[in-house]
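One structure is given below, encoded as structure tokens.
The values are calculated or read from the model by the stated rules, or taken from the named source; none is laboratory data. Just so we're clear, the structure is a prediction, and the values are computed from it rather than from any experiment. Virtual Cβ from ideal backbone geometry, glycine too; neighbours counted across all protein chains shown.
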């Protein structure tokens with residue numbers, strides 16, 4: 001039944017709506033339900049807001065006891081603004097005009113003379129959360145899906161439908177600006193602790209009953225504490241704004257990401273004047289939304305959504321994983337799978353090789369779990385398995401032993417007869433072509449590559465590597481598995497280095513050659529971050545591990561690599577593996593490289609251009625070779641696999657628009 005049909009019995013003067021349903025109960029409570037037509041999730045588009053404006057006028061005329069706003073979507077409340085509409089905006093003034101109209105709707109909601117309650121189940125983000133902030137009271141369900149927050153900073157914009165104004169009023173300047181600048185998405189209990197919402201109900205509680213009770217008791221949000229309110233006052237704002245800028249500069253270059261700095265400036269200068277805050281939200285988002293930086297970040301969002309779609313095959317469900325090889329990669333893959341709810345067995349030659357992986361897993365679980373009980377339950381799902389008994393039960397078997405073709409082939413021969421016929425056999429090889437590895441199998445079509453990146457718990461991309469003879473069903477299952485462990489699957493053709501390592505090899509090779517020519521490692525890394533990379537190539541080499549770099553550079557080949565491979569071989573033979581050994585190109589202390597601060601670098605743009613040229617050239621070569629399906633997926637893989645400057649929208653996009 002459509003929203004219009006559900007609402008048709010309320011009176012002939014009720015506006016016909018595609019996206020909203022309105023009903024009044026016997027107690028005089030208005031129940032307003034958002035259900036965006038023909039969409040899986042609710043997003044705030046222009047039409048939906050126009051309808052809300054009309055419905056609010058209608059409800060105001062009926063003078064109900066109160067009103068509850070909720071969602072009919074299983075996917076959640078409201079995921080934010082409809083980003084697809086952003087692409088139609090051509091000028092800052094056009095954006096500002098649209099935002100001011102949206103603000104007017106929320107002002108109307110805020111001004112209603114009766115109690116308004118937002119009942120949230122699932123995600124409530126961006127404009128969706130801004131809508132709830134215009135209500136008197138916010139209730140949310142505590143479950144795995146509920147997330148509350150204002151993540152606009154990740155799109156290079158700011159919360160402009162009153163989000164900055166109302167959140168800093170609700171929780172104070174320091175707490176509010178922290179939530180806005182980080183773009184963090186909070187669980188319900190976390191949001192309640194921050195003061196962002198008012199009440200949390202358990203996953204089995206009746207959200208509707210709680211909302212009804214809130215209306216009848218005329219509940220309103222608590223005022224922020226005096227201490228929190230003081231952080232909005234002029235003397236504190238100047239001090240706190242300086243601290244915010246310093247902290248933000250450690251994560252975001254203002255030349256690349258102006259959004260957070262505009263937010264800080266807006267709050268510092270206008271927080272004393274509510275009307276000015278609203279007006280500046282609209283003005284500033286207009287300038288930001290049509291900027292090249294925001295356009296690039298909007299593109300990244302669309303690329304991310306496409307990758308997510310590749311991992312949504314519901315026909316395959318993985319419950320048990322067996323990982324062979326308890327080194328850094330294998331052990332961390334096993335830990336991550338356990339953290340995502342799977343039963344995991346971890347195999348290596350002796351227990352002494354598994355114990356370090358178990359210790360790292362305990363640390364990860366403690367950090368990522370909401371309680372000691374949850375961490376203990378996760379630990380129980382990760383089981384040492386020296387004898388490899390888990391092979392016979394596993395849905396997915398991941399080989400993560402050292403990079404040696406013959407050793408991997410012998411392993412496959414030994415486990416293939418013991419595997420279930422429907423089990424996925426995957427290799428985490430970082431560079432060896434799949435055709436060479438699968439030749440050892442009776443059924444070569446069942447081997448797929450699942451190439452994770454280090455550190456596993458932070459890197460969102462997994463390359464799903466396939467050869468010409470790899471079964472399409474196996475590729476789909478490998479991609480579905482990635483989706484089930486909250487990773488983005490990128491199908492890539494098997495070839496030396498695949499996509500990410502092939503590009504990185506050219507990049508790091510150039511960096512080491514430049515270093516050999518007399519340019520310091522600090523200058524090289526500074527030039528890369530000046531371009532927009534998250535870290536420089538020398539630091540990246542240390543982070544990945546110089547043993548892995550040596551293998552990848554040697555396998556991928558390309559230009560003359562003899563000198564670089566010899567240098568890396570000497571370092572590896574001396575035990576200097578980079579971050580994991582504490583010494584590589586840099587000395588590492590407390591997980592960070594010890595570096596000298598480079599003096600002002602002459603012609604840093606020229607150095608950055610020289611450094612990035614092989615990177616970009618290799619991207620073009622991968623495109624020509626058809627390593628991935630199209631240039632959009634190539635951009636997605638390079639952004640999420642290497643951290644390529646997100647604000648540039650991806651290397652192929654950058655090349656086309658340079």
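Only a single criterion out of (1) within 30 Å of residue 352 (Cβ to Cβ); (2) in a helix (DSSP H, G or I) is not satisfied by residue 303, namely (1). Within the range 106-127, being in a loop (DSSP other than H, G, I, E, B) and in contact with a helix residue (DSSP H, G or I) (Cβ under 7 Å, 6 or more places away or on another chain) holds for 112, 121, 126. When residue 640 is tested against (1) surrounded by fewer than 19 Cβ atoms within 10 Å (Cβ to Cβ); (2) modelled with pLDDT of 95 or more; (3) touching a strand residue (DSSP E or B) at 6+ places or on another chain (Cβ under 6 Å), only condition (1) is not met. The set of residues in the range 216-233 that are assigned to a helix (DSSP H, G or I) and surrounded by 12 or more Cβ atoms within 10 Å (Cβ to Cβ) comprises 216, 228, 229, 230. Are any of the residues in the range 319-328 at pLDDT below 95 and either surrounded by fewer than 23 Cβ atoms within 10 Å (Cβ to Cβ) or assigned to a helix (DSSP H, G or I) (or both)? Yes; the residues of the range 319-328 include at least one that is at pLDDT below 95 and either surrounded by fewer than 23 Cβ atoms within 10 Å (Cβ to Cβ) or assigned to a helix (DSSP H, G or I) (or both).
Select, from 21, 30, 92, 79, the only residue that is closer than 24 Å to residue 295 by Cβ and surrounded by 20 or more Cβ atoms within 10 Å (Cβ to Cβ). Walk me through how you get there before you give the answer.
Values: 21 fails: closer than 24 Å to residue 295 by Cβ; 30 fails: closer than 24 Å to residue 295 by Cβ; 92 fails: surrounded by 20 or more Cβ atoms within 10 Å (Cβ to Cβ).
Result of the check over 21, 30, 92, 79: 79.
Of the numbered criteria (1) within 22 Å of residue 634 (Cα to Cα); (2) in contact with a strand residue (DSSP E or B) (Cβ under 7 Å, 6 or more places away or on another chain), the one residue 467 fails is (2). Here residue 193 clears all of (1) free of Cβ contacts under 8 Å to residues at least 24 places away in the same chain; (2) over 24 Å from residue 232 (Cβ atoms) except the condition numbered (2). Of all residues in the range 562-597, those satisfying the criterion of being out of contact with any helix residue (DSSP H, G or I) (no Cβ under 8 Å at 6 or more places or on another chain) and outside any loop (DSSP other than H, G, I, E, B) are 562, 566, 570, 573, 583, 587, 589, 592, 594.
Of all residues in the range 413-427, those satisfying the criterion of being surrounded by 16 or more Cβ atoms within 10 Å (Cβ to Cβ) and either at pLDDT below 95 or out of contact with any helix residue (DSSP H, G or I) (no Cβ under 7 Å at 6 or more places or on another chain) (or both) are 416, 423.
Of the residues 460, 455, 444, the single one that is in contact (Cβ under 8 Å) with a residue 40 or more places away in the chain, in the same structural domain as residue 420 (by TED's automatic domain parsing) and in contact with a helix residue (DSSP H, G or I) (Cβ under 6 Å, 6 or more places away or on another chain) is 460.
Can you find a residue in the range 250-269 that is loosely packed, with under 14 Cβ neighbours inside 10 Å, assigned to a helix (DSSP H, G or I) and touching a helix residue (DSSP H, G or I) at 6+ places or on another chain (Cβ under 8 Å)? Checked against the condition, which is being loosely packed, with under 14 Cβ neighbours inside 10 Å, assigned to a helix (DSSP H, G or I) and touching a helix residue (DSSP H, G or I) at 6+ places or on another chain (Cβ under 8 Å), the range 250-269 yields no hits at all. Just one of the listed residues (629, 618) is assigned to a loop (DSSP other than H, G, I, E, B) and more than 20 Å from residue 253 (Cα to Cα), and it is 629. Checked against the criterion of being crowded, with 23+ Cβ neighbours inside 10 Å, under 20 Å from residue 76 (Cα atoms), without any contact (Cβ under 8 Å) to a residue 60 or more places away in the chain and more than 22 Å from the chain's Cα centre (by Cα), the range 127-141 has at least one qualifying residue. The residue that is surrounded by the fewest Cβ atoms within 10 Å (Cβ to Cβ), counting only those in the range 364-393 that are part of a loop (DSSP other than H, G, I, E, B) and touching a strand residue (DSSP E or B) at 6+ places or on another chain (Cβ under 9 Å), is 387. The set of residues from the range 187-211 being surrounded by 22 or more Cβ atoms within 10 Å (Cβ to Cβ) and either under 25 Å from the mean Cα position of the chain (by Cα) or farther than 19 Å from residue 77 by Cβ (or both) comprises 188, 191, 196, 197. Criterion first (surrounded by fewer than 22 Cβ atoms within 10 Å (Cβ to Cβ), on the phi < 0 side of the Ramachandran plot and touching a helix residue (DSSP H, G or I) at 6+ places or on another chain (Cβ under 8 Å)) does residue 340 satisfy it? Yes.
Scanning the range 462-499 for residues that are surrounded by fewer than 24 Cβ atoms within 10 Å (Cβ to Cβ) and within 30 Å of residue 610 (Cβ to Cβ) turns up 493, 495, 496.
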